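None of the figures in this text is laboratory data; all of them are computed from the coordinates on show. Treat the numbers as computed from the prediction; the structure is a model and nothing was measured. Cβ coordinates were reconstructed from backbone atoms using ideal geometry, including for glycine residues, and neighbour counts include every protein chain displayed.
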Amino acid sequence: MWAGMSGFSFSLTATDGAARCGVIATPRGTIATPAFMPVGTAATVKAMMPESVAETGADILLANTYHLMLRPGAERIARLGGLHRFMNWQRPILTDSGGFQVMSLAGLRKLSEEGVAFKSHIDGARHMLTPERSMEIQALLGSDIVMAFDECPALPSDRARIARSMRLSMRWAARSKAAFGDRPGHALFGIQQGGLERDLREESAEALRAIGFDGYAIGGLAVGEGQALMLECLDYAPRMLPKDKPRYLMGVGKPGDIVGAVKRGIDMMDCVLPTRSGRTGQAWTRRGQINIKNARHADDPRPLDENCTCPACRNYSRAYLHHVFRAREIISAMLLSWHNLQYYQDLMAGMRAAIALGEFAAFEKSFHAQRAEGDIEPL
Ligand SMILES: [Zn+2]
């Protein structure tokens, strides 16, 4: 189909080895890939104003179906004009299907062919999430990129369990596609499962390709297997998915995971890490991770990272950031979250530029070399 007809399209602008650089076009704006999506779980990227999230360079953010269906409710958000208006974020939004979170967060849940019956972790109310209800909720939210409803076991898990779960998810993927229907300007992504079993990943990819999606996610990774096994899986899993559609690695990750994933052909990622770390006093910089509560920062007038353009680095010292964290002031979470999101977006921009120039290998080498140096010497 001609891309313009649907209002959603993906085009590759450069490749370097398996790494890819491209543009996703949506009616709400374009997304430069590889893209990192900040997580706005409950219709907010924690401790950040949406304007500030946009200022870091984020083209798209992720919101969670499970959280929003329970509170404040998808129908209420729809009555209030949809999620973009509700949370004051006019750029694209991707929503997850709720499948992963209902299995990890809900109390008393029961999995069946139909879907997942569960009790809310907030008030114990009973709910049912199915592929059809997940599509309905994501449509009520007005999500630009909708994820198929799926289910996945934590790793390690035995092969029979992974196979059973993957096949159920593929049947749910077909139901998701049927329920999604025809919604010009909105995209539906399928999710590959199969754990670390190569043949199951292939079976899953074949099933998804037969159904046909606007993009393809790799699910079931970053669930306890560790970086080495994850990257090993990414050596083959992305290649099983259509070249001309975006590939999204769900829930990843640390900066090193992200560089490794992009190297292997991933176009989109999301993770709570930059914001969650920001609230616990952890900062990510070109030279690795910094714990701002460490006493070495108490008298240090220098910025976290002199090359960073974020307000935390432009206007405040390590000593100030150390003080407000120790004093449990709210600005501590605000500044460190902003810095971490800026670092992640700068990392993505750096990789996009390197791929466009055919210099990804040099970028990767310098990324690891700078981190190996460690933080600047204490004063
Ligand atoms: Zn900064």
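If I stretch the segment between Leu80 and Arg126 completely, what's the gain in nm (0.36 nm per residue apart, minus their alpha carbon distance), one decimal?
Fully extending the segment from Leu80 to Arg126 adds 14.1 nm.
If I take R0 = 25 Å and measure r between the Cβ atoms of Arg183 and Val23 in this structure, what FRET efficiency does the formula 1/(1 + (r/R0)^6) give, to the nearest 0.05?
Taking R0 as 25 Å, the efficiency between Arg183 and Val23 is 0.75.
By how many nm would the segment from Glu306 to Ala228 grow when fully extended, if each residue of separation counts as 0.36 nm and the alpha-carbon distance is taken off?
Contour length minus the Cα-Cα distance gives 24.9 nm.
Suppose R0 equals 45 Å; then what is the FRET efficiency for Arg171 and Ser366 from their Cβ-Cβ distance, rounded to the nearest 0.05?
My answer for the efficiency is 0.50.
Give the lysines whose C-alpha is closer than 23 Å to that of Lys293, dropping any in the same chain fewer than 8 places away, or say none.
Within reach: Lys46, Lys254.
If you take the square roots of the eigenvalues of the alpha-carbon gyration tensor of the chain and sort them as a ≥ b ≥ c, do you get rounded (a/c under 1.5), prolate (a/b over b/c) or oblate?
prolate
Charges on Cβ only, +1 for Lys and Arg, -1 for Asp and Glu, centred on the Cα centroid of the range 82-140; of Ser112, Thr130, Met87, which one is farthest towards the dipole's positive end?
Value computed over the given set: Met87.
With a sphere of radius 10 Å drawn around the Cβ of Tyr236, what net charge do the other residues whose Cβ falls strictly inside it have (Lys, Arg +1; Asp, Glu -1)?
+1
Would you calculate, for the chain, the mean residue ellipticity at 222 nm contributed by helices, counting each DSSP H stretch of 4 or more residues as -39,500 (n - 2.57) and dividing by all residues, to the nearest 500?
It comes out at -12500 deg cm²/dmol, rounded to the nearest 500.
Below 10 angstrom from the Cβ of Cys21, what's the summed charge of the other residues (Lys, Arg +1; Asp, Glu -1)?
Once positives and negatives cancel, what remains is 0.
In debye, nearest 20: dipole of the chain around its Cα centre with unit charges on the Cβ of K, R (+) and D, E (-)?
In total the dipole reaches around 700 debye.
Within the range 122-136, name every residue whose backbone N is under 18 Å away from a label modeled 7 Å from Cα of Glu114 along the Cβ vector.
125-136
Ser120: net charge of surrounding residues, Cβ under 9 Å, Lys/Arg +1, Asp/Glu -1, itself excluded?
+2
With a Förster radius of 45 Å, plug the Cβ-Cβ distance of Arg159 and Ala14 into 1/(1 + (r/R0)^6) and report the FRET value to the nearest 0.05.
Calculated value: 0.75.
For the range 63-138, state which GluC sites (Glu not before Pro) are in a DSSP loop and have at most 15 other beta carbons lying within 10 Å of their beta carbon.
Listed in order of number, the matching sites are Glu113, Glu114.
Loop-only check: which trypsin sites (Lys or Arg not before Pro) in the range 204-258 are DSSP coil with at most 16 other Cβ within 10 angstrom?
Qualifying residues, ordered by number: Lys243.
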